[in-house]
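Beneath this line is the structure, given in structure tokens, with notes to follow.
Bear in mind that the values in this text are calculations on the coordinates, not laboratory data. For clarity, every value in this text was computed on a predicted model and none was experimentally measured. Because the Cβ atoms are built from the backbone with ideal geometry, glycine has one as well, and the counts that use them run over all protein chains shown.
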Amino acid sequence: MRGSMIHMTGMSKVLANLKRSNLTTAAGVERGLKDAGLFLQRESQKICPIDLDNLRPSARTDSKGKGFNTDVIVHYGVGANYAVYVHEDLQAKHKPGKQAKYLEQPAREKKSEMIEIIRQEAQR
């Protein structure tokens, strides 16, 4: 085997295809993260105590970054500075179907659905 050498051709095409595939997957992950954030926002608004005038409409889903480096934040409070107090006050009385932990609970309960949203977009 001394002196044996394997010569491969087409590696530049393989590497270009891998790079293109990686960019496509990264774009899918970014879309999936944003879609999962919007899904969480919708689920959260179903149980958010809407009797407190501007709390429910203060919900936002923001993102920054690109591809695999995308961060998505779902939050309440733009124009409703009391959002954190309503979210954390487990003693408060709310209308039926509305509650504290209106963002945390669906984030925990809908985790698998959000992961599936991201997975589907990444595979597109």
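Structural remarks
- Ellipticity estimate at 222 nm from DSSP helix runs (n ≥ 4, -39,500 (n - 2.57)) divided over the chain, nearest 500: -16500 deg cm²/dmol
- Evaluating 6.51 cos²θ - 1.76 cosθ + 1.60 at θ = phi - 60° for every residue in the range 85-94, the Karplus couplings come out as 5, 5, 5, 8, 7, 6, 8, 5, 9, 10 Hz, glycine and proline recorded as x.
- Of the labelled figures [x] 17.2, 57; [y] 15.0, 51; [z] 22.2, 82, only one reflects Rg and Dmax of the Cα atoms in Å as derived from the coordinates, namely [z].
- Remark: the Ser21-Asn54 segment gains 7.5 nm on full extension, using 0.36 nm per residue and subtracting the alpha carbon distance.
- Full extension of the segment from Leu90 to Asp62, taken as 0.36 nm per residue of separation minus the current Cα-Cα distance, would add 7.4 nm.
- Among the listed pairs Lys34/Lys95; Lys34/Lys98; Lys34/Lys110; Lys66/Lys98; Lys64/Lys98; Lys46/Lys110, those beyond 23 Å (Cα-Cα): Lys34/Lys95; Lys34/Lys98; Lys66/Lys98; Lys64/Lys98
- Dipole magnitude of the chain about its Cα centre (Cβ charges: Lys, Arg +1; Asp, Glu -1), debye to nearest 20: 600 debye
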